[in-house]
Amino acid sequence: MNKGNPIAELTKQFALRIIKMNNYLKEEKKEYVLSKQLLRSGTSIGANVRESIYAQSRADFISKMSIALKESSETEYWIELLHESGLIDDRTFDSIFDDNSKISATLINIIKKTKESEK
């Protein structure tokens, strides 16, 4: 389903990383609150991107991608909290933060280009 759709594949792979991080945080760090928030927002990015594939209109597509962007912003917040509280190390933070930043930048680009093509 995601083949030929780079943002769908990127967000799915990111969601899988988030699931693994959630499992690590629960099992190794005994952290259940922040990890659940991270799991919810981090997997929601790809779910909204996937929904956008079957958008009913250009406006619906932009809306779904914008929701995905908001979820990416929320995910960034949880990642920062996990890092600043010492629950994830610098290396893990840098890696997952960079991946999320790449997703946000891609979503911004897609939204911008879609809006420009309407004019």
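Selection within region 1-32: residues that are within 18 Å of ALA68 (Cβ to Cβ) and of a type in the set (D, E, K, R). The member of this set that is most open to solvent (accessible area, probe 1.4 Å) is LYS12.
Counting the residues of region 65-97 that are open to solvent by less than 90 Å² (accessible area, probe 1.4 Å) and assigned to a helix (DSSP H, G or I) gives 23.
Restricting the first member to region 87-111 and to residues that are touching a residue at least 60 places away in the same chain (Cβ under 8 Å), and the second to residues that are open to solvent by less than 70 Å² (accessible area, probe 1.4 Å) and not in a helix (DSSP H, G or I), the beta-carbon pairs closer than 6 Å and six or more apart or on different chains are LEU87/GLU31. It is to be established whether one or more residues within region 101-111 are in contact with a helix residue (DSSP H, G or I) (Cβ under 7 Å, 6 or more places away or on another chain), modelled with pLDDT of 95 or more, over 21 Å from GLU9 (Cβ atoms) and open to solvent by 40 Å² or more (accessible area, probe 1.4 Å). Among the residues of region 101-111, not one is in contact with a helix residue (DSSP H, G or I) (Cβ under 7 Å, 6 or more places away or on another chain), modelled with pLDDT of 95 or more, over 21 Å from GLU9 (Cβ atoms) and open to solvent by 40 Å² or more (accessible area, probe 1.4 Å), which makes the answer no.
The values are calculated or read from the model by the stated rules, or taken from the named source; none is laboratory data. The model shown is predicted, which means the values in this text are computed figures rather than measured ones. Note that we place each Cβ from the backbone using ideal geometry, even for glycine, and neighbour counts take in every protein chain shown. With ligands, DNA and RNA removed, areas are computed over all heavy atoms of the protein, side chains included. Shrake-Rupley method; radii C 1.70, N 1.55, O 1.52, S 1.80 Å.
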